[in-house]
Amino acid sequence: MIVVAGGEAGARRVLKVRCVMGAGERPRDKALAEVRFLTVAEVATVMRVSKMTVYRLVHSGELPAVRVGRSFRVPEQAVHEYLRDAFIEAG
């Protein structure tokens, strides 16, 4: 089971995923196969913030994440989009 975190007041949407691929088989959806996921620590390093800040962004729904077991994985593209959208020009 995979849990997608985010939403209002820390609400979580639950997606049930069943693997139908055999050993050594390639995923049919190439776009999904090419998605690179980052750990919370990697996201914190890229954004130059603490891990707690990343957890807050994930739980508030501002940064999409997939829960795998007890940890979160954030799509790398989502981090870049968040930073691009959050960028403001001073002056």
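The values are calculated or read from the model by the stated rules, or taken from the named source; none is laboratory data. All of these numbers come straight from a predicted model, not from anything done at the bench. Counting neighbours? That spans all protein chains shown, and the Cβs are built from the backbone with ideal geometry, glycine included. Just the protein is used for accessible areas: all its heavy atoms, side chains included, with ligands, DNA and RNA removed. Shrake-Rupley method; radii C 1.70, N 1.55, O 1.52, S 1.80 Å.
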Q) Given the structure, is Val49 assigned to a loop (DSSP other than H, G, I, E, B) and modelled with pLDDT of 95 or more? A) yes
(Q) Among (1) small (Gly, Ala, Ser); (2) at pLDDT below 95; (3) on the phi < 0 side of the Ramachandran plot, there is one condition Ala65 misses while meeting the rest; what is its number? (A) (2)
Q: List the number of the failed condition for Met1; all other conditions in (1) touching a helix residue (DSSP H, G or I) at 6+ places or on another chain (Cβ under 7 Å); (2) open to solvent by 90 Å² or more (accessible area, probe 1.4 Å); (3) at pLDDT below 85 hold.
A: (1)
(Q) If I filter region 47-76 down to residues being among the polar types (S, T, N, Q) and surrounded by 13 or more Cβ atoms within 10 Å (Cβ to Cβ), which single residue comes out as farthest from Leu32 (Cα to Cα)? (A) Thr53
Q: Give the residues of region 33-91 that are in contact with a Lys or Arg (Cβ under 8 Å, 6 or more places away or on another chain) and acidic (Asp, Glu), sorted by residue number.
A: Glu76
Q.
Return the residues of region 64-91 that are assigned to a loop (DSSP other than H, G, I, E, B), without any contact (Cβ under 8 Å) to a residue 40 or more places away in the chain and not charged (D, E, K, R); say none if nothing qualifies.
A. Gly69, Phe87, Ile88, Ala90, Gly91
